[in-house]
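Structure below; questions to follow.
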Amino acid sequence: YILIAPDGSTNNSTYGCAVPPNGMLGARSDAKDPANPENLSEEELRSVQMGELGLDQVLALARRDYAVDEANLYLMGNSMGGMGTLYYASRHPGLFRKISPQGAIPDMQFFDCSGLRHQPTFFVGGDMDSHGVQYLREGCRVLKEHDVPVIYREVSGGTHSLAWVDVLDEIFEFFK
């Protein structure tokens, strides 16, 4: 296999996703809230878009330099990488065989998940996530409502940063 582990090219890039990773349980869609993606400046949007363009470039280089099996591409990430996993796969329907985001679900008021409608997804969250496990559960519920085939795996005692590590064997089993 070929493993690519890109780091976000810009601060809080979320690999192109311009929506905040919160707000699903409350009305945080206040038009005056600076976290509302509709309030991002052109410079902030460009910075976020650089994350997606960087990932596009990394994948293009891998395809150019290695024998990439296009039928067996998988994507996973935690926190900002989890947001990026959901966003990038939704922007490229059918590119990835399976995905596994962990520890982050974007505010579903602003996130178009229609590109994930047929995307097998194994979502991992910890019940001790510092952002609150409720928003992870709620995000998965909303994904299911939108016909995303998501399996939610909650790790008892799992934290925001490390829950996925405890079930890495399950993630790779899902990828088989």
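The values are calculated or read from the model by the stated rules, or taken from the named source; none is laboratory data. None of these values were measured; they are calculated from a predicted model. In this analysis, Cβ positions are derived from the backbone assuming ideal geometry, glycine residues included, and neighbour counts consider all displayed protein chains. SASA here: full protein model, heavy atoms, side chains in, ligands and nucleic acids out. Shrake-Rupley method; radii C 1.70, N 1.55, O 1.52, S 1.80 Å.
Using 1/(1 + (r/R0)^6) with R0 = 25 angstrom and r between the beta carbons of H131 and L53, what's the FRET efficiency to the nearest 0.05? Show your work: numbers first, answer last.
Details: r = 27 Å, r/R0 = 1.07.
The calculated FRET efficiency here is 0.40.
Local charge sum around V124 (other residues, Cβ-Cβ under 15 Å, Lys/Arg +1, Asp/Glu -1)?
Once positives and negatives cancel, what remains is -4.
Given labels modelled 7 Å from the Cα in the Cβ direction, how far is it in nm from E70 to L95?
The modelled label-to-label distance comes out at 1.3 nm.
For the range 55-176, just say rounded, prolate or oblate: build the C-alpha gyration tensor, square-root its eigenvalues into a ≥ b ≥ c, call rounded for a/c under 1.5, and beyond that prolate if a/b exceeds b/c, oblate if not.
Working: a/c = 1.85, a/b = 1.42, b/c = 1.30.
Prolate.
Something else about it: Straight-line reach from K176: which lysines fall under 19 Å, measuring Cα to Cα and dropping same-chain residues less than 8 apart?
Those lysines meeting the cut-off are K98.
Another question, then. Under a 1.4 angstrom probe, counting protein chains only, how are T121, T159 ranked by accessible area, largest first? Intermediate values should be presented prior to the final figure.
Numbers: T121 0, T159 60 Å².
Most to least solvent-accessible, the answer reads T159, T121.
Let me ask something else. Suppose R0 equals 25 Å; then what is the FRET efficiency for F172 and A60 from their Cβ-Cβ distance, rounded to the nearest 0.05? All intermediate terms of the calculation are to be shown ahead of the outcome.
Details: r = 26 Å, r/R0 = 1.02.
Step by step, r from the Cβ atoms, then E = 0.45.
Which whole-number percent gives the relative contact order of the chain, counting Cα pairs below 8 Å spaced six or more residues apart? Walk me through the intermediate numbers first.
Values: 325 pairs, mean separation 35.7, N = 176.
Relative contact order here is 20 percent.
For the range 93-176, which whole percent of the accessible surface, found with a 1.4 angstrom probe, sits on carbon and sulfur atoms?
Details: 2140 of 3960 Å².
Summing carbon and sulfur atoms, their accessible area is 54 percent of the total for the range 93-176.
Using the crude model of +1 on Lys and Arg Cβ and -1 on Asp and Glu Cβ, and no other charge, please compute the dipole size for the chain relative to its Cα centre, in debye to 20. Kindly include the intermediate steps, with their values, before the conclusion.
Values: 14 positive and 24 negative charges, 74 e Å.
Dipole size: approximately 360 debye.
Excluding ligands, DNA and RNA, what is the solvent-accessible area per residue of the chain at a probe of 1.4 Å, expressed in Å²? Show your work: numbers first, answer last.
Numbers: 9550 Å² over 176 residues.
That works out to 54 Å² for each residue.
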